[in-house]
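Here the structure comes first, spelled out in structure tokens, and everything after it is commentary.
Values quoted throughout were computed directly from the atomic coordinates according to the rules given, and no laboratory measurement underlies them. Worth saying up front: this structure is predicted, and the values here are computed from it rather than measured. For neighbour counting, all protein chains shown are included, and Cβ atoms are generated from backbone atoms with ideal geometry for every residue, glycine included.
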Amino acid sequence: MDLAENPEACVRFDRHAVYLGTPGGRQDCPARLRGRTEALLIQPATAARSAVTENRTARTYRATADRITVTAAYGDDRGSIQRILRSAGLPVAAPETEQTAVAPVPADATSFRGEGFDACTAPSQSAMDAWRDASDYGAIGIYIGGLNRACAQPKLTAAWVRTQYANGWRFFPLYVGRQPSSDGGSCGGGCASITDPVPQGTAAADDAAKQAAALGLGKGSVIYNDLEHYTRGSTVTARVLAYIEAYTERLHQLGYRSGAYGSVSSLITDLVANVKTITPPDVIHFARWNGESTLTDPSIPAKLWADHQRIHQYVGDTTETHGGVKISIDRNRLDVD
């Protein structure tokens, strides 16, 4: 797809595609995309040398060559992506280390009380400015990584985070790692699922902390592991709880706080039932699309996650226009310190 001819096209990695050009500033992305397969984004650049980085946890290559930058996602067919990159003379045999931490924004970057929204891809600066002036929102959910993050993030950089913070925005960072099942929630059969929960949860935490630090979200920040809806049961529940516990414990070791996103009818119910037997997440981000901007729910006892430790996603997959800018979003009510 030629992005110059389709400036509002959503660059997404959950379906096979080749995107040519620079993603538009106002991509028309659905609010809820999950999954990962083989796809390429090829953009113009001014790189002086050929280089390749790979994130095995997120199943993504990033490569630079003469006048181009390539973002190459893969699902089960890493070999095909390697062959494509090799054909362009890129050194996939010895990929370099991904970007490292940058100077963090202040520690309250993930603290907020009030209305927030999340969007599949980080909006352009003009869109953020329009919504800051014309909407009631003060926080934004940003999808910082994970092998099931479907939307490209051309705007999401450390500079973008610093600018939004300076403009008064706060953040709830979401990491879309392995899922309870391949077809749950927004996955549609395309998500990599949890198979070995403890090492996979630990690896997700390592990568989530790394991605957060590269964006300037430092220690003490909350990073929410996005776990889509699933059918509860002994095997899947055990896998999910072991995964989120490993994720939480590793984030704590790295100096971050753990958040968990999920439906009240699956993840949240399982967490409530097992809160005394596992290391629970520090903050819950619960989905119940009842249209009510509240922080209580019949499935969550008032004494649990009671100290400014909740986000309620109360409307999903809707479109709003503020300041003349339309974005597909989920609506959330936050109370996080």
- Message: Using amide H atoms built in the peptide plane, which far-off residues or other-chain residues are under 5 Å from Gly185 H to H?
- Response: His229
- Task: Beta carbons within 10 angstrom, averaged per residue: use that to sort the peptides 162-173, 179-190, highest first.
- Result: 179-190, 162-173
- Query: Which stretch or stretches of segment 316-337 have amide N atoms under 14 Å from the point lying 7 Å from Asp28's Cα along the Cα→Cβ direction?
  - Reply: 319-320, 326-328
- Point-charge dipole on Cβ atoms (K/R +1, D/E -1) for segment 165-226, about Cα centre, debye to 20: 280
- In percent, how large is the relative contact order of segment 17-87, given Cα pairs closer than 8 Å and 6 or more residues apart? 29
- Note on the structure: Taking R0 as 30 Å and r as the Cβ-Cβ distance between Thr157 and Val198, the FRET efficiency 1/(1 + (r/R0)^6), rounded to the nearest 0.05, comes to 0.40
- If the chain between Val18 and Asp307 were fully extended at 0.36 nm per residue, the gain over the current Cα-Cα distance would be 99.4 nm
- Sticking with the crude label model, points 7 Å out along Cα→Cβ, report the distance from Trp289 to Glu5 in nm, one decimal please. 3.4
- Task: Give me the distance between the Cα centres of segment 161-211 and segment 308-325, rounded to whole Å.
- Result: 19
- Item | Size of charge dipole - segment 17-87 - debye, nearest 20, with Cβ of Lys, Arg +1 and Asp, Glu -1, no other charges | 160
- Residues with amide H under 5 Å of Arg257's amide H, sequence separation 5 or more or different chain, H placed in the peptide plane at 1.01 Å from N; which? Gly220, Ser221, Val222, Ile223
- Query: FRET efficiency for Asp337 and Ser87, Cβ-Cβ distance as r, R0 = 51 Å, nearest 0.05?
  - Reply: 0.50
- Message: Let me make sure I get this right: for segment 17-87, a, b and c are the square roots of the gyration tensor eigenvalues over alpha carbons, sorted descending. Under 1.5 in a/c it's rounded, otherwise prolate if a/b > b/c, else oblate. Which is it?
- Response: oblate
- Task: Please turn the phi angles of segment 160-174 into ³J(HN,Hα) values with the Karplus equation 6.51 cos²θ - 1.76 cosθ + 1.60 (θ = phi - 60°), one per residue in order, whole Hz, x for glycine and proline.
- Result: 4, 4, 4, 5, 5, 4, 4, 7, x, 6, 10, 10, 10, x, 10
- Query: Given the rule -39500 (n - 2.57) for each run of at least 4 DSSP H residues, summed and divided by the residues of the chain, what is its mean residue ellipticity at 222 nm, to the nearest 500 deg cm²/dmol?
  - Reply: -7000 deg cm²/dmol
- Determine Rg/Rh for the chain; Rg is computed over alpha-carbon atoms and Rh is the Kirkwood hydrodynamic estimate from the same atoms. 0.95
- Gain on full stretching of the segment that runs from Arg232 to Thr321 - 0.36 nm per residue minus C-alpha separation: 28.4 nm
- Task: Under 13 Å from a label point 7 Å along Cα→Cβ of Ala101: give me every residue in segment 210-226 with its amide N that close.
- Result: 210-221
- Query: What are the ³J(HN,Hα) values, in whole Hz, obtained from phi via the Karplus relation 6.51 cos²θ - 1.76 cosθ + 1.60 with θ = phi - 60°, for each residue of segment 53-67 in sequence order, with x given for Gly and Pro?
  - Reply: 10, 9, 10, 5, 5, 8, 6, 9, 9, 10, 9, 10, 8, 4, 6
- Query: Of Lys155/Lys219; Lys219/Lys276; Lys219/Lys303; Lys155/Lys303, which pairs sit farther than 31 Å apart, going by alpha carbon to alpha carbon?
  - Reply: Lys155/Lys303
- Message: Given Cβ point charges of +1 (Lys, Arg) and -1 (Asp, Glu) and nothing else, what value in debye, to the nearest 20, does the dipole of segment 107-336 about its Cα centre take?
- Response: 280
- Degrees separating the helix 78-87 axis from the principal Cα axis of the chain, which is the longest one: 30
- Which residues qualify? For Arg149, with a placed amide H closer than 5 Å and at least 5 residues away or on another chain, they are Gly35, Val176
- Message: Along the charge dipole of the chain, pointing to its positive end and built from +1/-1 on Cβ of Lys, Arg, Asp and Glu, which listed residue (Gly146, Pro280, Ser124) has its Cα farthest out?
- Response: Gly146
- Sort 235-243, 114-122 for me by packing, meaning the mean count of neighbouring Cβ atoms within 10 Å per residue, highest on top. 114-122, 235-243
- Message: Could you list Asp307, Asp206 so that the one with the fewest beta carbons within 10 Å of its beta carbon is first and the one with the most is last?
- Response: Asp307, Asp206
- Note on the structure: Counting Lys and Arg as +1 and Asp and Glu as -1 over every other residue whose Cβ sits under 13 Å from the Cβ of Gln125, the net charge comes to +2
